Amino acid sequence: MKVLTTLGKITAAVILLGGLSACGDDVGKVSLGLFTTKDVIIDARQDPKLAGVTCHISRIEANLSLADPSDMSISCRQTGPISAMEIANIDKSKSGEIVFKQSLSILFKTLKVRRIYDEDSQTLLYLSYSTKETKGSHKHALSTVPLYGTDAWIQSGVPIEKP
């Protein structure tokens with residue numbers, strides 16, 4: 001009887017976590033087949049400090065599966081203005097800062113997206129990665145947003161003024 005209670009709790013947790021992961025800004029969901037419970041989920045996330053940057057993250061969602069896929073893809077683009085003031089207010093350390101974080105499983109797996117600023121090329125780097133090791137490595141993906149052409153671009157130490 002105790003085993004049934006434990007299984008019931010695990011099932012409820014899986015269903016609850018599956019529901020919570022769907023609470024993001026889902027923009028797409030593609031089924032991987034009729035006989036599978038796995039789907040490709042596409043989320044859109046706006047950088048909380050840079051409103052002019054949107055990242056689209058695709059990942060596998062396997063709510064009722066014991067398999068725990070960690071693959072993901074990320075694509076970030078400039079979708080609005082980016083100002084020099086906004087860039088001045090971001091973390092410019094080598095490790096950057098976490099801008100998105102989402103729990104993906106009851107097995108302590110989290111998807112994180114970290115923003116790192118490459119000052120030499122004036123480019124924003126968005127690194128998505130899983131906190132769970134899979135086959136000896138942590139899955140990760142990278143996307144870049146160059147500041148060239150934005151109000152934040154600095155040429156020879158002076159921001160470009162647009163007419």
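Nothing in this text is a laboratory measurement; each read-out follows from the coordinates by a stated rule. Remember, it's a predicted structure, so these values are computed and weren't measured experimentally. Every residue, glycine among them, receives a Cβ derived from its backbone with ideal geometry; neighbour counts consider all protein chains shown.
Arrange TYR126, TYR117 by Cβ neighbour counts within 10 Å, fewest through most, would you? Don't jump to the answer; show the numbers that get you there.
Numbers: TYR126 24, TYR117 19.
Ascending number of Cβ neighbours within 10 Å: TYR117, TYR126.
What does the charge add up to near VAL99, with Lys and Arg as +1, Asp and Glu as -1, over the other residues with Cβ less than 10 Å from its Cβ?
Values: positive: ARG45, LYS49, LYS101, LYS112, ARG114, ARG115; negative: ASP47, ASP91, GLU97.
The answer is +3.
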Q: Report the local net charge at ILE41: Lys and Arg +1, Asp and Glu -1, summed over other residues whose C-beta lies under 11 Å from its C-beta.
A: -2
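Exposure proxy check: VAL40, VAL113, VAL30 ranked by fewest other beta carbons within 10 Å?
Values: VAL40 15, VAL113 23, VAL30 10.
Placing the least packed residue first, the sequence is VAL30, VAL40, VAL113.
May I ask which of LYS49/LYS101; LYS92/LYS139; LYS101/LYS139 have a Cα-Cα span longer than 19 Å here? Spell out each step's value before the answer.
Numbers: LYS49/LYS101 15 Å; LYS92/LYS139 24 Å; LYS101/LYS139 15 Å.
From LYS49/LYS101; LYS92/LYS139; LYS101/LYS139, over 19 Å: LYS92/LYS139.
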